[in-house]
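Inspection log for the structure reproduced underneath, given as structure tokens.
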Amino acid sequence: MMETNGLLPKSIVIVGGGTAGWMTAAALARFVGHKVKITLIESSDIGTVGVGEATIPPIRNFNAILGLDEAEFVRETKGTYKLGIEFCDWVKPGHSYFHPFGVYGPSLNQPNFFHQWLRARAGGQVPELSEFSLCSLAARAGRFAPQGRDPATIQATLTSAFHFDAGLYAAYLRKFAEARNVRRLDQKVQSVRQSPETGNVEAVLLESGDVIEGDFFVDCTGFRGLLIEQTLKTGYEDWRAYLPADRALAVPTAKVGPVVPFTRSTARLAGWQWRIPLQHRTGNGYVYSSQFISDDAAHETLMANLDAPALADAKPLRFVTGRRKKLWNKNVVAIGLASGFLEPLESTSIHLIQTGITKLLDFFPSRQNHAADAATYNRLGQEEYESIRDFLVLHYMANQRVGEPLWDYCRQMALPDSLQERLALFQHGGRVPPRAFDLFTETSWVAVFMGQGIEPKGYNPLVEVHDGAAGRQFLADAHRALAELSRQLPEHEDFLRQAGMMPS
């Protein structure tokens, strides 16, 4: 008999597998699997979306709290490293820019670097801002090395994330979770039983006739939201007015050439196309708005712009950008696509799974009333979703693709007040003030503002306390040191092989 105390729930039931389900199961197994009965229910007959193959740097924190060995993780998921995202044709055809991880400048501890660069540029010619990012330089040269541990060194700015096969990642975490007492049932849920007094979910009834009771439930059933929506009628906030893409096609292709350490996003007539390099194949997809292109034309566009033969038929997805009005309702929390959807433009899908899990651990439910915990969880989740939404809208609203209906709409659409405030601050003085629970750093906002052609009129006046000539010399020295180190890094595939992460 599993020993519990008076506050811990006796049992948690996760409905749905895939990346969201098994990330949740692995984290719960790591922290409470020895005290709480954890059951995951998924059906082999129900497919998962499984196209979230690119991540952002916080995934490292998740893997670290699980205690995963990085070499084993990369090897098992056919993973590669990611130093940022290249955006092609977003401003106009033929234009590109790079959104790097890490920071601009030669050190993590360099305050106001961007404003020093702005001041120097106002006084004369300086190299492009991207040339002051080690992540940008290394990515475009196809090079990679681990982040340095000393924050005063240049290599400490080499921040990275991963590309990996989402199906293999889920399978990898399944092994982890099942080794730590998570019970898996391969069944379909036939119905859901609620308490007539409270409306809480009491149990799910399986097609086999089994009844699985639980104190707390995690809905990982994807877009359908079996518990959070179909059962609890939570409601959904539709953001298609800001992010009109509502469909996607995903197709894997054969690997071509050495794998590069970055994701590529290329603007198309009615949306954008992703390219994600893995060890054994390349992930591709077209995110588009059905208002501005037919499904057949979208399919033709995607297939005409692949750089290698397709390995399978294109998989269609339909979605509504937005979020549930509550991410935690009664004794159910939605994780992953059941909680909402923001298009994968900045690789936030897996991150939102991760932060949903992190917040759940922070406000871990008891067997008693948890209304205050749920309210705080929902408020923090709302802030996070809205911050990411604003960052994605920024990519669309500043474009010069005149005469293309989707892009014309995006230039003219009303913007969220929160984004208008950010725009005003940046355009006036290049400021990106931190906000609570912001996912994206100053580097990210600056990269996209500048990349999309939104430039500040001024800079932080505090940089003028330093001598201008000394500041220009500092920039020249930093530029030289960054370029020199980027040339010394190993080729990306060479690093993977030498680290035992990829077959020779």
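Yes/no per residue for (1) surrounded by fewer than 19 Cβ atoms within 10 Å (Cβ to Cβ); (2) outside any loop (DSSP other than H, G, I, E, B); (3) acidic (Asp, Glu); (4) not assigned by TED's automatic domain parsing to the domain that holds Gln412:
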{"position": "Val218", "(1), (2), (3), (4)": "no, yes, no, yes"}
{"position": "Leu227", "(1), (2), (3), (4)": "no, yes, no, yes"}
{"position": "Gln230", "(1), (2), (3), (4)": "yes, yes, no, yes"}
{"position": "Pro244", "(1), (2), (3), (4)": "no, no, no, yes"}
{"position": "Ala248", "(1), (2), (3), (4)": "no, yes, no, yes"}
{"position": "Thr253", "(1), (2), (3), (4)": "yes, yes, no, yes"}
{"position": "Val256", "(1), (2), (3), (4)": "yes, no, no, yes"}
{"position": "Val259", "(1), (2), (3), (4)": "no, no, no, yes"}
{"position": "Ala267", "(1), (2), (3), (4)": "no, yes, no, yes"}
Cross-chain or 6+ apart pairs with Cβ under 9 Å, segment 413-435 first and free of Cβ contacts under 8 Å to residues at least 12 places away in the same chain and within 16 Å of Ser387 (Cα to Cα), then aliphatic (A, V, I, L, M) and assigned to a loop (DSSP other than H, G, I, E, B): Leu425/Val432
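Taking segment 284-301 on its own, how many of its residues are in contact with a Gly (Cβ under 7 Å, 6 or more places away or on another chain) and of a type in the set (A, V, I, L, M, F, W, C)? Talk me through it step by step, then tell me what you get.
Let us first name the residues in segment 284-301 that are in contact with a Gly (Cβ under 7 Å, 6 or more places away or on another chain), namely 286-289.
Adding the requirement that they be of a type in the set (A, V, I, L, M, F, W, C) leaves 287.
Residues flagged as in contact with a Gly (Cβ under 7 Å, 6 or more places away or on another chain) and of a type in the set (A, V, I, L, M, F, W, C) within segment 284-301 amount to 1.
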Subset of segment 269-293 that is more than 20 Å from the chain's Cα centre (by Cα) and under 19 Å from Gly403 (Cβ atoms) - its residue that is surrounded by the fewest Cβ atoms within 10 Å (Cβ to Cβ): Gln291
Where His115 falls short, out of the listed (1) in contact with a Pro (Cβ under 6 Å, 6 or more places away or on another chain); (2) assigned by TED's automatic domain parsing to the domain that holds Tyr459: (1)
From the options Asp313, Asp296, residue that is out of contact with any helix residue (DSSP H, G or I) (no Cβ under 9 Å at 6 or more places or on another chain) and in a loop (DSSP other than H, G, I, E, B): Asp313
Any hit, segment 441-453, residues being surrounded by fewer than 15 Cβ atoms within 10 Å (Cβ to Cβ) and not hydroxyl-bearing (Ser, Thr, Tyr): yes
Residue match in segment 41-62 (condition: part of a helix (DSSP H, G or I) and touching a helix residue (DSSP H, G or I) at 6+ places or on another chain (Cβ under 7 Å)): yes
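Please specify each residue of segment 483-504 satisfying the condition of being farther than 17 Å from Phe164 by Cα and crowded, with 19+ Cβ neighbours inside 10 Å.
If the condition is that a residue be farther than 17 Å from Phe164 by Cα and crowded, with 19+ Cβ neighbours inside 10 Å, then Leu485, Ser486, Leu489 are the ones that fit.
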Filtered residues of segment 187-207 (kept if under 20 Å from Ile38 (Cβ atoms) and surrounded by fewer than 12 Cβ atoms within 10 Å (Cβ to Cβ)): none
Residues located in segment 160-186, provided they are among the polar types (S, T, N, Q) and either on the phi < 0 side of the Ramachandran plot or crowded, with 23+ Cβ neighbours inside 10 Å (or both): Ser160
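How about segment 320-355: which of its residues are in a loop (DSSP other than H, G, I, E, B), closer than 21 Å to Tyr242 by Cα and of a type in the set (S, T, N, Q)?
Selection gives Thr321, Ser339, Ser347, Thr348.
Condition first: of a type in the set (Ser, Thr, Tyr) and not in a strand (DSSP E or B). Can you find one or more residues in segment 272-288 that meet it? Walk me through it before giving the result.
Filtering segment 272-288 down to residues of a type in the set (Ser, Thr, Tyr) leaves 282, 286, 288.
Narrowing the set further to residues that are not in a strand (DSSP E or B) leaves none.
Scanning segment 272-288 turns up no residue that is of a type in the set (Ser, Thr, Tyr) and not in a strand (DSSP E or B).
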Which listed residue, of Ala308, Ala312, Ala375, is out of contact with any Gly (no Cβ under 6 Å at 6 or more places or on another chain), of a type in the set (A, V, I, L, M), surrounded by fewer than 23 Cβ atoms within 10 Å (Cβ to Cβ) and closer than 30 Å to His95 by Cα: Ala308
Residue that is farthest from the chain's Cα centre (by Cα) [pool: residues in segment 82-103 that are in a loop (DSSP other than H, G, I, E, B), crowded, with 20+ Cβ neighbours inside 10 Å and not aliphatic (A, V, I, L, M)]: Trp90
Filter result for the condition that a residue is among the hydrophobic types (A, V, I, L, M, F, W, C), touching a Gly at 6+ places or on another chain (Cβ under 6 Å) and surrounded by fewer than 23 Cβ atoms within 10 Å (Cβ to Cβ), over Ala71, Ala122, Ala145: Ala71
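The values are calculated or read from the model by the stated rules, or taken from the named source; none is laboratory data. Everything quoted here is computed from the prediction, not taken from an experiment. All Cβ positions, even for glycine, are placed from backbone atoms using ideal geometry, and neighbour counts span all protein chains on display.
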